[in-house]
Structures are given as structure tokens and as C-alpha cells.
Amino acid sequence: MAFRKMTQDYLVKLLLEKGLLSEDQVVHVQKSFKTQRKKLVRKYRQENVSDQRQAEDISSVDVLASYALPLVGRKEKILTEDLIMKAVAEDAGLPFRKIDPLELDLDIVTKTLPRSFALKHLVVPVELVDDTLEVAIYNPFNRGAVLDDVRRVSKYDIKPVLSTKTDIKKLISEFYGFKTSIIGAEGQFTTPQVDLGNLEQYVRLRSTEEIQATDQHIKNAVDYLIGYAFEQRASDIHIEPKRNETLIRMRIDGILHNVYRLPKTIHPAIVSRIKTLSRLDMAEKRRPQDGRIKIEHQEQEAEIRVSTVPVAFGEKAVLRILNPEILFQDLDNLGLAPSDLIKYKDFIHRPHGINLVTGPTGSGKSTTLYSTLRHIGSPEKNITTIEDPIEMVFEDFNQIGVQPQVDITFANILRYVLRQDPDIIMIGELRDSETAEYAIQAALTGHLVLSTLHTNDAPLAITRMIDLGVKPFLVASTLIGVEAQRLLRCVCVHCKEDFFLTQEEALNLGLKLKGQDKIKLSRGRGCEKCRGTGYLGRRAIFEVMPYSEKLKQMTLANQEASALRAVAKSEGMISLRENALRLMLQGITTYQEVLQVTAEE
């Protein structure tokens with residue numbers, strides 16, 4: 001291969017040949033390239049005051065990507081660094097790899113090469129298969145000597161892949177920095193650890209007393225984990241102690257992913273740091289605890305709900321990330337079908353009665369309730385919430401957190417809330433007969449009550465209320481309506497493709513093709529944006545059931561849920577499965593997701 005460089009002329013000619021740039025765009029770039037580079041250098045220096053030296057390292061690829069040139073006739077909207085490097089990789093005869101940190105092994109990345117070498121040459125190990133080390137590089141035309149050094153140091157065969165400079169530098173910064181923090185923390189706790197075989201042995205372990213909450217390495221490690229979770233759009237961080245290690249997992253789009261395996265010796269230090277941030281009792285290791293952390297991320301405030309519980313090999317911590325932009329949405333943007341939205345708005349604008357939201361844990365009930373309260377809230381209304389725990393602190397509401405240890409339960413506090421002149425009461429969950437009775441009393445005395453139940457669909461909420469001990473005539477007198485919901489994963493927009501569903505597969509979904517042999521649907525092929533899953537993001541589906549006079553009469557007659565469901569559907573209720581199928585036909589989700597999330601009717 002003739003020696004080449006990734007110069008402006010080379011890149012522009014290559015992108016023109018690949019159809020990524022037009023003739024007019026090439027002329028524009030050639031004329032303004034130097035000016036554009038100066039703008040980029042100036043911008044970099046303003047944003048990175050402490051790192052002026054690297055402003056001079058801005059490459060021709062960086063400058064070209066900064067134009068954000070529109071692409072003609074392609075799915076991608078603009079020319080990005082990824083697209084430029086894919087074209088270079090093809091020209092150089094190398095595979096392109098979009099680095100996904102969730103798929104990488106921390107030790108392989110950080111133990112093979114020194115950080116200084118990796119940063120100087122923009123090269124980083126990403127995967128070891130048998131005796132072949134896959135190495136991500138940035139410059140494909142100056143790789144010989146560098147890869148020879150890597151081969152000599154690692155003792156492995158080398159397989160080069162091309163990646164973007166942004167991904168490589170980010171990986172070096174985060175992985176090496178995180179690894180340094182972990183090694184530094186691990187070095188402080190070299191005393192032999194007791195192997196925990198059961199909970200009683202764990203209770204006697206006192207290693208956390210030796211840990212200083214101010215330890216800088218632990219601070220860095222915890223800050224990294226939280227920041228990384230935000231970048232990956234994770235909703236939860238699981239820090240799980242195992243027999244010989246600590247497993248870090250993150251839930252992304254409803255699915256848990258293994259992220260890191262850390263030395264067991266630093267687990268107590270990490271949990272102690274999290275407890276310090278969330279104002280929990282570090283000395284208490286035998287009982288579950290709940291706390292919260294308020295943080296600022298990219299100039300936006302967010303809250304993290306922390307839960308710790310003793311398990312077989314130590315204390316497990318789960319951090320739930322609560323984003324105000326997700327919890328507080330416009331009702332029109334929740335995903336309700338137009339007809340269902342009209343029905344639901346009618347429920348919540350009634351002066352009194354009970355409106356129930358049902359669904360399993362993690363189905364978006366809190367988002368629906370918070371968005372509803374913000375929609376109907378006003379300075380003229382007194383809104384009080386009783387939650388376990390408080391999901392998101394919002395100043396316009398009077399929020400009360402359940403604390404059983406001081407006898408503040410849903411039922412006990414509800415008695416006092418009724419004396420506080422409320423207009424609207426939100427109860428986190430109707431979980432026992434006493435709470436349900438007070439909720440009924442609140443509705444009968446002129447209050448609008450919003451609450452949740454864990455049922456599979458809307459009609460089952462009626463029988464569940466009766467199971468809790470509420471008399472049927474009280475249900476009939478107070479219930480306004482029920483809304484059930486689920487979350488469906490969406491097809492990744494970056495790798496979306498169309499295909500046809502066969503007659504047999506359609507019948508399994510309850511779809512009638514009406515003379516058609518097949519139906520056009522969408523799915524994701526799998527790409528770097530969705531980590532090969534074919535899904536990116538989630539969307540809510542709903543089942544809205546107005547509590548009609550006929551349903552009230554059936555409740556008084558103790559009719560079964562199946563009969564209630566049949567009548568509700570005859571009166572226009574659109575089921576969860578039907579709403580899921582609507583999204584499937586619109587190309588938003590897949591039939592596999594419809595089958596997995598919604599039950600047969």
C-alpha cells in the first residue's frame with residue numbers, strides 16, 4: 001500500500017468518490033477549510049481552557065465533520081465523523097468498528113498498553129479472541145510500527161480495526177481513569193477478606209469501618225459510574241456483590257447489561273460512598289435502606305433514588321436514575337391514542353372520585369401520574385402526594401414519603417392528609433384494605449384521588465379493589481376509570497428495515513389480513529447505535545376503561561373480570577394488545593415485542 005495521509009485533499013476526494021459529498025460541497029469545503037479550522041481551534045480553546053495543547057491536534061476529519069454537511073439520498077442526515085471514518089476504513093481495506101463500552105473488558109483495555117502510549121498513538125485494545133487481539137486505531141496509513149510495538153508488548157497476534165478519534169480518546173480517558181481509581185482503591189484494602197457464605201457471616205464483617213468516605217479513588221469511581229449511566233441512557237445501576245467479585249449492571253431500555261466486574265475488596269468502599277452521598281447510615285448493614293441523591297448532569301438537575309439491601313455476599317445497592325424530562329411530560333406526548341386521550345382527560349378533570357393507573361413495576365406508572373398532576377395542577381389547587389418512596393421532588397406538590405419505622409404508612413398519613421384541605425390526593429399504591437378504605441372515604445368527601453394497582457389489565461382493577469375489602473357498592477360509587485399501561489421497545493431508527501409478516505405469524509398475533517397473504521412491518525437489523533439489539537428507546541401503550549353505568553351494575557352483581565372486559569370492549573375500550581398492534585403496524589415496534597409484553601385476550 002502506498003503511503004498516504006488523511007489530509008484535506010485525500011478526504012475530500014474520497015468522500016466525493018463515495019457519493020458522500022457533492023461537487024458544490026467540495027468547492028465550498030476547499031474554499032473555507034482553513035477558516036473553518038481556525039473557528040474549530042478557537043472553539044476548542046474556549047471550551048478546554050486547561051488543555052490548550054490539544055487544540056493544535058485537530059485533524060482534517062474533525063474539521064470536515066464540523067461542517068455538518070447535509071447528505072443527499074441517504075438515511076443519515078449529515079456528514080459525521082463516523083461516516084467519514086467508515087469511508088476511510090473501506091478505502092484502507094480495514095473493518096470499521098463503532099466502539100461500545102458495554103461490550104469491552106476493562107482489563108483487556110487497560111492492562112495491555114500504557115495510557116501514555118495509547119493516547120499518543122490513538123490506539124486501544126478492544127477485544128481478545130483466542131490469541132488474537134483486536135486493536136482500534138485512528139490512522140490506518142501509519143499503523144505498521146505502532147502495531148508492531150503492540151504485538152511485541154502483548155505477545156498476541158494483532159487484528160486492526162478503524163474507529164473514530166472521538167471514541168478512542170473517550171475510551172482511553174474513561175477506562176484508564178476508572179481503572180486507576182479502582183486500582184488505587186484496591187491497594188488501600190489489602191487485608192484478607194472473609195468469604196461470605198451466608199447473611200450471618202456478612203453481619204459480622206466490619207471492613208467498611210476502615211474506609212474513609214473522602215477517599216479520592218472511590219469518589220472518582222462512583223462519579224464515573226453515575227456519569228456513564230447517564231451517557232448510556234440507563235434507568236438503573238445495579239452494584240451486586242458476588243463471592244469473589246462485584247458485578248456492575250445497568251438497565252438500558254428495560255434490559256440489564258453487564259458492564260464491569262470489579263475486585264471484591266473495594267465493594268464496601270463503593271457502597272459506603274453511595275451511602276454518604278444519599279445520607280444513609282453507613283454503620284447499618286443489616287437492614288435495607290432508602291435514600292436519594294440530587295445531582296447536576298450537563299447543566300440539568302436529576303435525582304437518583306438509592307436502595308441498599310443485605311444479600312448473601314454483602315450489601316447490594318441499586319441506583320434508579322430519575323430524569324425530570326421523562327417523569328414530567330405533556331399528556332399529549334405520553335403515547336395515548338387520540339380517543340384514549342380524550343377519555344383520560346375526562347377522568348382527571350372530574351371534581352371527585354378515584355382514577356386508577358395499573359401495570360407491573362417499571363411500566364411507567366409514575367411518569368403518567370406525575371405528568372397528570374402537573375397537567376391538572378394550578379395555584380388554586382392543593383395537591384398532596386403520599387409515596388413510597390418519593391420518586392421526584394417537585395415544589396408545586398406537597399409530597400409525603402412513607403416511613404413505616406415511625407408509623408407513617410399510606411393509611412395512617414391519609415387520615416391526616418384529609419384534614420389538610422386537599423383538592424387532589426395521589427396515593428402511591430393501594431396495597432391493603434385500610435389504605436383502600438381511606439381512599440374511598442377521600443373520594444366520597446369530594447376529593448379527586450389518583451392511585452396505582454398492580455394488575456395485568458384495566459378490568460382486573462375492579463375485582464382487585466373488591467379483593468382488598470372494598471364493598472362493591474363503594475367501588476361503584478367512587479371509581480371514575482382505570483388506565484392500564486406497559487412499555488414497548490421501539491425499533492432502532494438507525495438500522496430500521498422493512499419486511500413482510502406471513503399469514504401464519506399474523507394469526508399468532510390475532511391479526512386478520514383480510515385477503516392479504518402478508519403484511520409490511522419494520523425491524524432493526526442491529527447497529528452500533530442500538531448495540532446490535534435492533535431496539536432504541538421505549539414507548540408506552542395504554543388501555544383506558546371508563547367506568548360506565550353498565551360496568552357499575554355488573555360490579556354490584558359481582559361479575560367476573562372476563563365479563564367486565566367483554567363489556568368494556570363492546571363499549572369502545574381499546575386493549576393493550578390492540579394498541580401494541582397499532583404501533584407495530586406503524587413500524588414503531590416489532591411483533592416479537594408485542595407478543596412478549598402484551599397478553600392474549
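How far apart, in nm, are two points set 7 Å out from the Cα along the Cα-to-Cβ line at Thr502 and at Asn558?
About 4.9 nm separates the two model spin labels.
So if I place +1 on the C-beta of Lys and Arg and -1 on the C-beta of Asp and Glu, and nothing else carries charge, what would the dipole magnitude of segment 464-601 be about its Cα centre? I want it in debye, nearest 20. Walk me through the numbers on the way to the answer.
Numbers: 21 positive and 16 negative charges, 75 e Å.
The calculation lands at about 360 debye.
Among Ile326, Leu444, Gln8, whose Cα projects farthest towards the positive end of the dipole of the chain, with charges put on the beta-carbon of Lys, Arg (+1) and Asp, Glu (-1)?
Gln8
Picking from Phe542, Leu21, Met554, whose Cα lies most toward the positive end of the charge dipole for the chain (charges on Cβ: Lys, Arg +1; Asp, Glu -1)?
Most positive-ward Cα: Leu21.
Rounded to the nearest 500, what is the chain's calculated 222 nm mean residue ellipticity when only DSSP H runs of at least 4 contribute -39500 (n - 2.57) each, over all residues? All intermediate terms of the calculation are to be shown ahead of the outcome.
Numbers: 24 runs with 233 residues, N = 601.
For the chain, the value works out to -11500 deg cm²/dmol.
What residues qualify as long-range amide H neighbours of Ser522, i.e. H under 5 Å apart, gap of 5 or more or another chain, H built at 1.01 Å from N?
Amide H to amide H, under 5 Å and 5 or more residues apart or across chains, Ser522 pairs with Phe499, Gly587.
Hey, which lysines would be in cross-link range of Lys169, C-alpha to C-alpha under 19 Å, not counting anything within fewer than 8 residues on its own chain?
Here the lysines satisfying the reach criterion relative to Lys169 are Lys43, Lys86, Lys98, Lys111, Lys120, Lys179, Lys529.
Based on the alpha carbon coordinates of segment 203-343, what radius of gyration and maximum Cα-Cα distance (Dmax) apply, in Å?
Cα only, segment 203-343: 17.2, 61 Å (Rg, Dmax).
Treating the angle as unsigned and between 0 and 90°, give the value, to the nearest 10°, between the Cα long axis of helix 561-570 and the longest Cα principal axis of the chain.
80
Whose amide H sits under 5 Å from the amide H of Gly532, counting only residues 5 or more places off or on another chain, with H placed in the peptide plane?
Hits under the 5 Å cutoff: Cys527.
Give a residue-ordered list of calculated ³J(HN,Hα) values for segment 545-556 (Karplus: 6.51 cos²θ - 1.76 cosθ + 1.60, θ = phi - 60°; whole Hz; x for Gly, Pro).
Ordered by residue, 3J(HN,Hα) equals 10, x, 8, 7, 4, 5, 5, 5, 5, 5, 5, 4 Hz.
Of Ile293, Leu336, Leu373, which is farthest towards the positive pole of segment 285-381's charge dipole, taken about the Cα centre with +1 and -1 on the beta-carbons of Lys, Arg and Asp, Glu respectively?
Ile293
Cross-link partners among lysines for Lys39, C-alpha distance below 17 Å, same-chain residues fewer than 8 apart left out?
Lys31
Tell me, what HN-Hα J-couplings in whole Hz come from the Karplus equation 6.51 cos²θ - 1.76 cosθ + 1.60 at θ = phi - 60° for each residue of segment 463-477, using x for Gly and Pro?
5, 5, 4, 5, 4, 6, x, 7, 5, x, 5, 6, 4, 5, 7
Using 1/(1 + (r/R0)^6) with R0 = 51 angstrom and r between the beta carbons of Asp157 and Arg233, what's the FRET efficiency to the nearest 0.05?
Values: r = 36 Å, r/R0 = 0.70.
Working from the Cβ atoms, E equals 0.90.
Evaluate the charge dipole of the chain about its Cα centre and quote only its size in Debye, nearest 20, assuming +1 on the Cβ of each Lys and Arg and -1 on the Cβ of each Asp and Glu.
Details: 82 positive and 82 negative charges, 290 e Å.
For the chain, the charge dipole is close to 1400 debye.
Could you pull out every residue, at least 5 positions away or on a different chain, whose amide H is within less than 5 Å of the one on Ile99? Hs are placed 1.01 Å off N in the peptide plane, and Pro or chain starts have none.
Thr164
Apply the Karplus curve 6.51 cos²θ - 1.76 cosθ + 1.60, θ = phi - 60°, to the phi angles in segment 78-83 and return the couplings in whole Hz, x for Gly and Pro.
10, 6, 10, 4, 4, 5
Laboratory data are not the source of any read-out in this text; all were calculated from the coordinates shown. Since the model is a prediction, treat every value here as computed from it, not as a measurement. Don't worry about glycine lacking a Cβ; one is built from the backbone with ideal geometry, like all the others, and counts go over all protein chains shown.
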